[in-house]
Structure formats: structure tokens, C-alpha cells
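Each reported figure results from applying straightforward, stated rules to the coordinates on display, with no laboratory input. Computed from a prediction, not measured in an experiment: that's the story for all the values here. Positions of Cβ are generated from backbone atoms using ideal geometry, with glycine treated the same way; all protein chains shown enter the neighbour counts.
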Amino acid sequence: MAKPERKWVRVKALAAHEKTAIAERCERFIAVTLKPRFLPEIRPTAFNYAVDIYGRWRGSRYSFITRYRSGFADKAGDEFDSAFACLDHVEEFVEDIRFDVMWHRHNGQWWRLHVSVALEDAWRLIETDPVLRPHL
């Protein structure tokens, strides 16, 4: 049996200052675009309701997250998070920073919907693609 041919790929991980800059830009996108459009006000209900949209890094992935508060009598005030979209850094692109845009499925798995897009294009996709929007 022949050994598979090895393929060398040069990769570029994000530096701490790049992650910080991307996080700041994403926070601005959330504050200027996502919150006014999808969560202009907090409306308490007898069920779970959204109270915030924010983002955070986890490894090489930046997740967009909705924070919920429970309105159920036995759990009133309890809060939990649910991610709705994720930018997965593609390390094979050395020249510029690219992301795979991923959707958080109902079963807890991430599903890649768009491959190797620039940050601004990823934001446009999150804003316009109904699958990638916050679950409210």
C-alpha cells in the first residue's frame, strides 16, 4: 500500500492584537447593526426572552451570542446564552484574514454555510441571511 502524498500548507494564526482589533470591530457591528435591528427593546414575556446580543472569542472562532432571560415562574430571572453565528478563522490565507461563516444548528453542531469570506462580507451575511440571524 502506497503512503499518501504529504502536502505542506503554510498557516497564519491570529495574533492577540489582531483578535482584539477584530473583536472591537465586531462589537461595533453588534451595537450599530444587530441590536437596533433585532433587539431594539427588551420585552419581558412569560417564556424565555432575549435581553442582549454580544460576541466573544473561543480559540480561533468568534461567536455571536444571544443572551436570554427566563420568564417562567419557577426559573424567573435565570439567564442563559445561545450562539447563533460564528466566524471561524481560516488559517490557510496568509495575505489577508478570512473566515468561514458558520450556523449553530438546533442539535448543537456548527454547520459551515460560507467559506473563506472577508470580515465585512461575513457581517453582511449575518445581517441578511435568515439562517444566521439572532433567534428572537
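So that you can scan it fast, the table gives a plain yes or no per residue for (1) under 19 Å from Thr128 (Cβ atoms); (2) aromatic (Phe, Trp, Tyr):
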| residue | (1), (2) |
| --- | --- |
| Ala31 | yes, no |
| Pro44 | no, no |
| Trp57 | no, yes |
| Arg69 | no, no |
| Lys75 | no, no |
| Glu92 | no, no |
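Let's see how each residue does on (1) of a type in the set (Lys, Arg); (2) over 13 Å from Leu136 (Cβ atoms):
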residue: Glu41; (1), (2): no, no
residue: Ala46; (1), (2): no, yes
residue: Arg56; (1), (2): yes, yes
residue: Ser60; (1), (2): no, yes
residue: Thr66; (1), (2): no, no
residue: Ala85; (1), (2): no, yes
residue: Asp88; (1), (2): no, yes
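When region 115-130 is filtered for residues that are more than 12 Å from the chain's Cα centre (by Cα) and not hydroxyl-bearing (Ser, Thr, Tyr), the ones remaining, listed by number, are Val115, Val117, Ala118, Glu120, Asp121, Arg124, Asp129, Pro130.
Considering Ala21, Ala31, Ala13, the condition of being touching a residue at least 24 places away in the same chain (Cβ under 8 Å), of a type in the set (A, V, I, L, M, F, W, C) and surrounded by fewer than 15 Cβ atoms within 10 Å (Cβ to Cβ) is satisfied by Ala13 alone. Among the conditions (1) part of a strand (DSSP E or B); (2) β-branched (Val, Ile, Thr); (3) closer than 22 Å to Leu119 by Cβ, Thr33 misses just one, which is (1).
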